[in-house]
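Asker: Here it is, the structure, as structure tokens.
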Amino acid sequence: MIRIPCPYCGPRDHDEFSYAGDATKVRPADPAAATPEDWHRYVYLRDNPRGAHLEYWHHVQGCRAYVKVLRDTATHEVLAAGLPSDDLPFEDLEAGR
Ligand SMILES: [Zn+2]
């Protein structure tokens, strides 16, 4: 069981949430100038890391907010969580590997 700390509701079981995707993907800055390869990479290509991973979760059975979660994929430990606009310490963890 994963306990996700929703910024509005507090800690809740992950059953109340729906996984909403990889939060490390960045949309092409200039969509009109992006190549098909840029769009393919943004839409379809995903890493499957073991360890810290930045994800979006949707609090479907709660406040319906999107939450950005830094989760260890091996242990399911939630390392940090916040609003989608928050900067979580993901880059610091990546550099420390
Ligand atoms: Zn919530």
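The values are calculated or read from the model by the stated rules, or taken from the named source; none is laboratory data. Computed from a prediction, not measured in an experiment: that's the story for all the values here. All Cβ positions, glycine included, derive from the backbone under ideal geometry; neighbour counts span all protein chains shown.
Asker: Out of the residues in the range 47-75 that are in a loop (DSSP other than H, G, I, E, B) and within 10 Å of the ligand (Cβ to nearest atom), state the one that is surrounded by the fewest Cβ atoms within 10 Å (Cβ to Cβ).
Answerer: By that ranking, first place goes to ARG64.
Asker: Also, quick follow-up: If you check every pair at least six apart or on different chains, which have Cβ atoms under 7 Å apart with a residue in the range 22-35 that is at negative phi first and a residue that is exposed (fewer than 14 other Cβ atoms within 10 Å of the Cβ) and part of a loop (DSSP other than H, G, I, E, B) second?
Answerer: ASP22/ARG46; ALA34/PRO28
One line per residue, one yes/no per condition, for (1) within 16 Å of the ligand (Cβ to nearest atom); (2) in contact with a Leu (Cβ under 9 Å, 6 or more places away or on another chain); (3) modelled with pLDDT of 95 or more:
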| position | (1), (2), (3) |
| --- | --- |
| ARG3 | yes, no, yes |
| CYS6 | yes, no, yes |
| PRO11 | yes, no, yes |
| PHE17 | yes, no, yes |
| THR24 | no, yes, no |
| ARG27 | no, no, no |
| ASP30 | no, no, yes |
| THR35 | no, no, yes |
| ASP38 | no, no, yes |
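Asker: While we're here: Return only the number of the condition from (1) without any contact (Cβ under 8 Å) to a residue 40 or more places away in the chain; (2) outside any helix (DSSP H, G or I) that ASP38 does not satisfy.
Answerer: (2)
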